[in-house]
Amino acid sequence: MSVINYVKNNSKLFLMSLIIGVAMPQLFGGSLAVNVLENPYTDTKLEVEDVFVKYHLNVNAITNQYLEILITEEDPVVLFPQNVEDCASENVSTFCLADVLNKELRDLETAFAERSDEFEIPSDGDLENRIDAALKQTADRQLLINDELEVAKMTLDLTLETYNQIQLVYPLHKEFLTLIENLEDYRDNLGALRAVIDGFPSKFNDATTIHCK
């Protein structure tokens, strides 16, 4: 039996499954609605591309917050915690940033997993062609989602690697800047000392005598 014939023969079953899928969360306390509110990427009104843009903007904003604390605080907390629960709001270690960003990625994956069964049949044309078009559209969308998720994972790894390097190198950078400032002060003081020395004569006549002339 072809896919088209199967869909035609089981249209009532598909409709009932859809109704049950919508009604069941409400009958059992609306837990699905709560999960949707907690996940920022489950807005089905957004196109796939818009969801990924929203994700990358959120990841960028979170990373910038950590970077700002890391760079502006006199003594930022970068201790490696014993577990995730020890990641306080002021802890800007790579471990804690990774925990936050991985939650964003998990939310993104969950949101698209919930949308994987979206199936919209076009209104134009005969039923067979409309179903074929819907199947192709669904396959193309899933391919796009898979590709973008891979990009999101690679970007996350690169972000954490870069942040970790900054966390390790930035204290040395601050010490280097302090060293430069100290060398500049030494240069300025040495120049002032030379200006004083230049006021003295470069030669003294018969400097070995004990008599003044």
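Observations on the structure shown:
- The Cβ shell under 12 Å around residue 60 holds other residues with a net charge of 0, Lys and Arg each +1, Asp and Glu each -1.
- For the peptides 103-116, 154-167, residues were scored by their other Cβ atoms within 10 Å and the scores averaged per peptide; the highest-first order is 103-116, 154-167.
- Site pair residue 62 and residue 86 shows an inter-label distance of 2.1 nm when each label is modelled 7 Å from Cα along Cα→Cβ.
- FRET efficiency, residue 196 to residue 73 (Cβ-Cβ, R0 35 Å, nearest 0.05): 0.25
Every read-out reported here was derived from the displayed coordinates using simple, explicitly stated rules and does not represent laboratory data. Please read these numbers as outputs of a predicted model, since none were measured by experiment. Heads up, the Cβs are rebuilt from the backbone with ideal geometry, glycines too, and the neighbour counts pull from every protein chain shown.
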